[in-house]
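The values are calculated or read from the model by the stated rules, or taken from the named source; none is laboratory data. It should be emphasised that the depicted structure is a prediction, and the values quoted were computed from it without experimental measurement. FYI the Cβ positions are ideal-geometry reconstructions off the backbone, even for glycines, and counts take in every protein chain you see.
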Amino acid sequence: MERESRNGTQYQQRNRKQRAFHHVLRMLPSARIHAFSRQGGFMLQISALQLAELLAGIGRAQAAMVQGLESELAGVRSGRIIPAVQNVAHLRDHPEPTLVDLPVRVFLASMGRVGPDPATIARDLERLISGTVVAPSTKEEAAALSAPASAAPAAPAAAGGDALDFSKPA
């Protein structure tokens, strides 16, 4: 008797999980079923663009919260929040975002005028997840990659450190 009630309870739990899963599928029509999991449920596989749109939406929600704080406490955005977020985003450490830095950079872009582009975020996600990171081999290449496009190339350093002697006329 006890075994039958346990089996009935397990059947009811599995049936509830399946109904909840199908309810979620109706809400996410673009998600497709990838495989069965070991527990007997389904696993969803979303595309990089869908994940990028999700990250952009989260970034917009966070930016709205910062805007609300700014309206109540003048100067908190530029004085406290932006410097802290830029520190977490590792903007100065490495110009190319890592997978950990990407959500923070999306948040920073959401606080700007234009906002993040989901297609660009999707390309970054695909590049970061595939592991094809093109790392510069020298410091000069890294500086050239991180410099703005309009910046003029720096003149080569003169021998003996004369380029750093500001007492001589140019």
Practice item. Return yes when residue 92 is of a type in the set (D, E, K, R), touching a Pro at 6+ places or on another chain (Cβ under 6 Å) and free of Cβ contacts under 8 Å to residues at least 24 places away in the same chain and no when it is not. Key: no
Practice item. Could you check how many residues of the stretch 62-112 are of a type in the set (D, E, K, R), farther than 22 Å from residue 130 by Cβ and modelled with pLDDT of 90 or more? Key: 4
